[in-house]
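Enquirer: Structure incoming, see below.
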There are 2 protein chains.
Amino acid sequence: MLDVRNWFEEVAERTAMTVERLPLDELGGWSRCASTGNIRHDSGKFFTVQGLDVRFPGRAVDAWTQPIINQPEVGILGILIRRLDGGPQLLMQAKNEPGNHDGPQVSPTVQATRSNYTRVHKGRPVPYLEHFRNPSGRVLADVRQSEQGAWFYRKRNRNMVVEVGEDVEVLDGFRWLTLEQVHGLLAVPDLVNMDARTVLACLPVLGRPALGADGFRAALIRSRDPRQGAEHGIDEVLSWLSGIRSTVDISTEPIPLNRIRHWHRTGGKISHESGRFFDIIGVRVVSAGREVTGWTQPMIEPIGTGVVAFLVRRIGGVLHALVHARVEPGYTDVVELAPTVQCVPANYDHLPPAARPLFLDAVLGAPPGRIRYDTVLSEEGGRFYHARNRYLIVETDEDPAPGHPDFRWLAMHQVVELLRHSYYLNVQARTLSACLDSLTSAAE
Amino acid sequence: MLDVRNWFEEVAERTAMTVERLPLDELGGWSRCASTGNIRHDSGKFFTVQGLDVRFPGRAVDAWTQPIINQPEVGILGILIRRLDGGPQLLMQAKNEPGNHDGPQVSPTVQATRSNYTRVHKGRPVPYLEHFRNPSGRVLADVRQSEQGAWFYRKRNRNMVVEVGEDVEVLDGFRWLTLEQVHGLLAVPDLVNMDARTVLACLPVLGRPALGADGFRAALIRSRDPRQGAEHGIDEVLSWLSGIRSTVDISTEPIPLNRIRHWHRTGGKISHESGRFFDIIGVRVVSAGREVTGWTQPMIEPIGTGVVAFLVRRIGGVLHALVHARVEPGYTDVVELAPTVQCVPANYDHLPPAARPLFLDAVLGAPPGRIRYDTVLSEEGGRFYHARNRYLIVETDEDPAPGHPDFRWLAMHQVVELLRHSYYLNVQARTLSACLDSLTSAAE
């Protein structure tokens, strides 16, 4: 681990990046469209900040408008893997992004928007991209997944894992890490980036760790074994989700940014009049180690740190996670399976206790002995500025809401099975799935 | 079969429906929006005829606009099934629709738009609906699937099969048919409706028919057995589709109907200036046996009969179908797996032979002995007026386009597996899958 730290410090020095805030109107290469107010790049590529009109009849907040990032192109997030006698190794990159909280993070081998790899910004070619565009090795995972549906309009990336032989050249800034090392790094705050976490979640189960003593870890290892049972059969889970997706009554419509209500452009940024949710800010980035050496861009800066948690429970000796069928306005398919808890607690400070998200207090008040994972991790630093969530995995012996129509207990082998297909698990649930997986490596 | 015919004739008499054409501007309850030209129902429910702007850079036709039906609500298409000693039986309905070519068709137990079952039109309640909204029986299939992406904007319906006991009351117009009877009816022109076919396609394999002599039927039965191999593993198929969906460069944007180009409103309908594709027409319907006794509505009337075909081939004794990764502008997820051939041949009459769809001539010129299925079937008669396709299943010994990037040979057990999830197989491929399945019942 010390070794990995040294590598990181060395990269951090070499890829020093300075980020300064800039008023939105002073972003070179980005303009505000005269008729819509949308903020777009002059090339028409990258992404657009526009408005979204959301109607959600019958809910506590039954209509709102908001700014949202529209990035319709599908990028590639890819990890190269090799299997040696000592176990699988992943080719990871130490990569800095302007929104990162504290320098470079452990990133996938390739993290390329389509603008990026079609060279819209005329930068250097993306290393290792050909392994994913024209795989010669075995493809272990290849699935488009959504990203934050509160901030992105129908954004999705192609998550890939491709197996290669040993003869891949290791470029500057890249490094083979064992799966155990990556698992260990997931316990370090703000270190493994979101793109790496979502690809790790889509990695199928490789081999079977030996069962230890009959404890949490054994229940977790059993949970990832498809020969084990589960509280609900997969067809029952699919039918539950199909029903919710068919009947949820939400409608969303892209609108011009200058038609959103209760958001104002002040001080060079766009903020909600309550001071909550997020701001749209501008930044100028100067970097030594990126494809181009300087640029400006809009970013989303969330207000407050989120809490994202799975309640987990042993059922018949098999660990299950309590997933929530959650609506976010930017999802391609309306509803995805989300963590048990996913919120920014500060957004509820002004509301009565009854309005607090279900299970939030159960998670925050859990006895230390039942907290199996607790680390603050960063969201995508290319679009989000210092977006951080406290990720928790909390064990419980009780079902806190038996039969609640919006929640179901899933075994992890069911999560792994669903992750072969698009849009079942949201990006926060994928992070927690990767974090949970990392605990198979940890000593009990 | 005679018995079923008599039942149908009796229903046809009792549910006599007269349909007459009416200029679009004379549809009671439907109005043209002054600013957009969109045709909407005054209740805001049912569906809207609007415009779609399609950009498809690099293709022969790289941009067009068209009218399209927007029906965002998810309806239910459901079949009740019971399993008796003699095999499974399905509760089917003889149902007339204004667009039907020749009277009532064999329809699912329930065929309900959301407007329909929330009683927007204040009609009678939908019989058997509760079996699907709150299933007490075992749910054998429950998956949202797309419909025609050339005519519908992101339309999807929930396809369900629910198993019940023997004690379900059989209402007027309904009848238990054995699976073999339904299979036999699929060989009759215009008899089993589209909604029934798509639900039948989503039905999992029930039992295993005995293998007969080693011929086409044996290869088909093996093809539906998941223990059999396939030309490409399912992960390889998913990765192929993920790649195409991630890189296809199409963009679609809903636009006002009065902004579509090359379409004109003449003679009370909307037509393309070439006379090709389809018209938007108006109809007045007077019915004895429907939820309400009379109404008017816009419909799509296609020009010409389509050809929809699977080329099938035995690979290692297992029948495979050649599926095409096809873009249609109205799909929720850009690309779906479609039949080998799906086109209206007349649309190509004015073009050079090189512009004709791949494999169309191979299908139309196949020797009679290699044609395993050949029946004209109707598309959804609630929205489409006399929309008919000639569905063919043609066996070949050769791979006519080895390695073509847009085509893959799939075993039917792979198709069945993909049909547990949304948006993999398009509605035409689902019909062909049901037709192919029907051949397991036929004598060799």
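The values are calculated or read from the model by the stated rules, or taken from the named source; none is laboratory data. In this text, all values refer to a predicted model and were calculated from it rather than measured experimentally. Here Cβ is always computed from backbone atoms with ideal geometry, including for glycine, and neighbour counts include all displayed protein chains. Just the protein is used for accessible areas: all its heavy atoms, side chains included, with ligands, DNA and RNA removed. Shrake-Rupley method; radii C 1.70, N 1.55, O 1.52, S 1.80 Å.
Enquirer: If you scan region B:391-419, which residues turn out to be closer than 20 Å to B:ARG144 by Cα and either touching a Cys at 6+ places or on another chain (Cβ under 8 Å) or among the aromatic types (Phe, Trp, Tyr) (or both)? Reasoning before the result, please.
Expert: Filtering region B:391-419 for residues closer than 20 Å to B:ARG144 by Cα gives B:412-419.
Within region B:391-419, just B:LEU419 meets the criteria.
Enquirer: Please state which of the following conditions A:SER271 fails to meet, knowing it meets all the rest: (1) buried (at least 16 other Cβ atoms within 10 Å of the Cβ); (2) within 14 Å of chain B (Cβ to nearest Cβ); (3) in contact with a strand residue (DSSP E or B) (Cβ under 6 Å, 6 or more places away or on another chain).
Expert: It is condition (2) that A:SER271 fails.
Enquirer: Something else now. A:LEU410: modelled with pLDDT of 95 or more, more than 14 Å from chain B (Cβ to nearest Cβ) and closer than 22 Å to A:GLY215 by Cβ, yes or no? Step through it out loud before you land on a result.
Expert: On the way: modelled with pLDDT of 95 or more: yes; more than 14 Å from chain B (Cβ to nearest Cβ): yes; closer than 22 Å to A:GLY215 by Cβ: yes.
So A:LEU410 passes the test.
For (1) within 14 Å of chain A (Cβ to nearest Cβ); (2) under 22 Å from B:LEU410 (Cα atoms); (3) crowded, with 21+ Cβ neighbours inside 10 Å, each residue gets a yes or a no:
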residue	(1), (2), (3)
B:LEU186	no, no, yes
B:VAL192	no, no, yes
B:ALA196	no, no, yes
B:CYS202	yes, yes, yes
B:GLY207	no, yes, no
B:ARG217	no, yes, no
B:ILE221	no, yes, yes
B:GLN228	no, yes, no
B:HIS232	yes, yes, no
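Enquirer: Being in a strand (DSSP E or B) and either closer than 30 Å to B:PHE47 by Cα or within 16 Å of the chain's Cα centre (by Cα) (or both), is that true of even one residue in region B:415-432? Show your work before the answer.
Expert: Within region B:415-432, the first condition is being in a strand (DSSP E or B), and the residues that meet it are B:425.
Retained after the next criterion (residues that are either closer than 30 Å to B:PHE47 by Cα or within 16 Å of the chain's Cα centre (by Cα) (or both)): B:425.
Yes, region B:415-432 contains at least one residue that is in a strand (DSSP E or B) and either closer than 30 Å to B:PHE47 by Cα or within 16 Å of the chain's Cα centre (by Cα) (or both).
Enquirer: Something else now. Identify all residues within region B:169-179 that are open to solvent by 20 Å² or more (accessible area, probe 1.4 Å) and part of a loop (DSSP other than H, G, I, E, B); write none if there are none.
Expert: Result: B:GLU169, B:VAL170, B:LEU171, B:ASP172.
Enquirer: How many residues does region A:57-91 hold that are more than 19 Å from the chain's Cα centre (by Cα), at negative phi and within 14 Å of another protein chain (Cβ to nearest Cβ)?
Expert: Of the residues in region A:57-91, 1 are more than 19 Å from the chain's Cα centre (by Cα), at negative phi and within 14 Å of another protein chain (Cβ to nearest Cβ).
Enquirer: Just give me the residues in region B:247-273 being outside any strand (DSSP E or B) and modelled with pLDDT of 95 or more, in sequence order. Walk me through it before giving the result.
Expert: Of the residues in region B:247-273, the ones outside any strand (DSSP E or B) are B:247-250, B:256-262, B:267-268, B:273.
Correct list: B:PRO256, B:LEU257, B:ASN258, B:ARG259, B:ILE260, B:ARG261, B:HIS262, B:GLY268, B:GLU273.
Enquirer: Only one residue in B:THR252, B:THR178 is more than 14 Å from every other protein chain (Cβ to nearest Cβ) and among the polar types (S, T, N, Q). Which one? Spell out how you get there, then give the answer.
Expert: Numbers: B:THR252 fails: more than 14 Å from every other protein chain (Cβ to nearest Cβ).
The unique qualifying residue is B:THR178.
Enquirer: Cβ-Cβ under 7 Å, sequence separation 6+ or interchain: first residue in region A:5-20 and closer than 20 Å to A:GLY282 by Cα, partner in a loop (DSSP other than H, G, I, E, B). Which pairs?
Expert: A:ALA16/A:ALA288; A:MET17/A:ASN96; A:MET17/A:PRO98; A:VAL19/A:PRO98
Enquirer: Those residues that are under 27 Å from the mean Cα position of the chain (by Cα) and either of a type outside the set (Gly, Ala, Ser) or open to solvent by 90 Å² or more (accessible area, probe 1.4 Å) (or both), I need them from region B:28-47; list them, please.
Expert: B:TRP30, B:ASN38, B:ILE39, B:ARG40, B:HIS41, B:LYS45, B:PHE46, B:PHE47, listed by residue number.
Enquirer: If you take the residues of region B:234-247 that are among the β-branched types (Val, Ile, Thr) and within 9 Å of another protein chain (Cβ to nearest Cβ), which of them is surrounded by the most Cβ atoms within 10 Å (Cβ to Cβ)? If you could, list the steps in order and put the result at the bottom.
Expert: First, the residues of region B:234-247 that are among the β-branched types (Val, Ile, Thr): B:234, B:237, B:244, B:247.
After this cut, where a residue has to be within 9 Å of another protein chain (Cβ to nearest Cβ) as well, the list is B:234, B:247.
Numbers: B:ILE234: 16, B:THR247: 14.
Checked region B:234-247; the qualifying residue surrounded by the most Cβ atoms within 10 Å (Cβ to Cβ) is B:ILE234.
Enquirer: Go through region B:387-416 and count every residue that is surrounded by 17 or more Cβ atoms within 10 Å (Cβ to Cβ) and either under 10 Å from B:ALA321 (Cα atoms) or not small (Gly, Ala, Ser) (or both). Working first, answer last.
Expert: Narrowing region B:387-416 to residues surrounded by 17 or more Cβ atoms within 10 Å (Cβ to Cβ): B:387-396, B:407-416.
Narrowing further to those that are either under 10 Å from B:ALA321 (Cα atoms) or not small (Gly, Ala, Ser) (or both): B:388-396, B:407-416.
Count: 19.
Enquirer: Still on this structure: (1) closer than 30 Å to B:CYS33 by Cα; (2) outside any loop (DSSP other than H, G, I, E, B); (3) touching a residue at least 60 places away in the same chain (Cβ under 8 Å): which one isn't true of B:GLY184, the others all being true?
Expert: Tallying (1) closer than 30 Å to B:CYS33 by Cα; (2) outside any loop (DSSP other than H, G, I, E, B); (3) touching a residue at least 60 places away in the same chain (Cβ under 8 Å), B:GLY184 fails exactly one: (1).
Enquirer: Something else about it: What tally of residues in region B:288-306 results from selecting those that are open to solvent by 10 Å² or more (accessible area, probe 1.4 Å) and either of a type outside the set (Val, Ile, Thr) or modelled with pLDDT of 95 or more (or both)? Don't jump to the end; show me each part of the working.
Expert: Initially, region B:288-306 is screened for residues open to solvent by 10 Å² or more (accessible area, probe 1.4 Å), giving B:288-297, B:301-305.
Remaining after also requiring either of a type outside the set (Val, Ile, Thr) or modelled with pLDDT of 95 or more (or both): B:288-291, B:294-297, B:301-305.
Qualifying residue count, region B:288-306: 13.
Enquirer: Another question, then. Looking at A:GLY44, A:GLY78, can you tell me which residue is touching a residue at least 24 places away in the same chain (Cβ under 8 Å) and not charged (D, E, K, R)? I'd like the intermediate steps shown before the answer.
Expert: Working: A:GLY44 fails: touching a residue at least 24 places away in the same chain (Cβ under 8 Å).
Just one listed residue meets the conditions, A:GLY78.
Enquirer: Which members of region A:217-241 meet the condition of being among the hydrophobic types (A, V, I, L, M, F, W, C) and under 26 Å from A:ASP406 (Cα atoms)? I'd like the intermediate steps shown before the answer.
Expert: Kept after step one, since they are among the hydrophobic types (A, V, I, L, M, F, W, C), are these residues of region A:217-241: A:218-221, A:230, A:234, A:237-238, A:240-241.
Within region A:217-241, A:ALA219, A:LEU220, A:ALA230, A:ILE234, A:VAL237, A:LEU238, A:TRP240, A:LEU241 qualify.
Enquirer: Only one of B:ARG420, B:ARG372 is within 14 Å of chain A (Cβ to nearest Cβ), among the basic types (Lys, Arg) and either closer than 22 Å to B:LEU203 by Cα or open to solvent by 40 Å² or more (accessible area, probe 1.4 Å) (or both); which? Full working, then the answer.
Expert: On the way: B:ARG372 fails: within 14 Å of chain A (Cβ to nearest Cβ).
Checking each option against the conditions leaves just B:ARG420.
Enquirer: Sort out which residues of region A:92-115 are open to solvent by less than 20 Å² (accessible area, probe 1.4 Å) and within 14 Å of another protein chain (Cβ to nearest Cβ), and write them in order of number.
Expert: A:VAL110, A:ALA112, A:SER115
Enquirer: Since B:ARG154 meets every condition but one in (1) at pLDDT 95 or above; (2) under 15 Å from the mean Cα position of the chain (by Cα); (3) not aromatic (Phe, Trp, Tyr), which condition does it not meet?
Expert: (1)
Enquirer: Does region B:221-246 hold any residues that are in contact with a helix residue (DSSP H, G or I) (Cβ under 7 Å, 6 or more places away or on another chain) and not in a loop (DSSP other than H, G, I, E, B), and which are they? Quick ask: steps written out before the conclusion?
Expert: Residues of region B:221-246 that are in contact with a helix residue (DSSP H, G or I) (Cβ under 7 Å, 6 or more places away or on another chain), as a first pass: B:223-226, B:228, B:230, B:234, B:237.
Matches in region B:221-246: B:SER223, B:ILE234, B:VAL237.
Enquirer: Considering only region A:424-444, state which residues are open to solvent by 10 Å² or more (accessible area, probe 1.4 Å) and either within 14 Å of chain B (Cβ to nearest Cβ) or among the β-branched types (Val, Ile, Thr) (or both).
Expert: A:TYR424, A:THR440
Enquirer: Still on this structure, please answer the following. Condition first: at pLDDT below 95 and farther than 30 Å from B:ALA355 by Cα. Can you find one or more residues in region B:58-72 that meet it?
Expert: Of region B:58-72, the ones at pLDDT below 95 are B:58-62, B:71-72.
Keeping just the survivors that are farther than 30 Å from B:ALA355 by Cα gives B:71-72.
The answer is yes, given that some residue of region B:58-72 is at pLDDT below 95 and farther than 30 Å from B:ALA355 by Cα.
Enquirer: Go through B:VAL143, B:VAL139, B:VAL126 for me and flag whichever is touching a helix residue (DSSP H, G or I) at 6+ places or on another chain (Cβ under 7 Å), of a type in the set (A, V, I, L, M, F, W, C), part of a strand (DSSP E or B) and open to solvent by 20 Å² or more (accessible area, probe 1.4 Å).
Expert: Values: B:VAL143 fails: open to solvent by 20 Å² or more (accessible area, probe 1.4 Å); B:VAL126 fails: part of a strand (DSSP E or B).
From the options B:VAL143, B:VAL139, B:VAL126, the qualifying one is B:VAL139.
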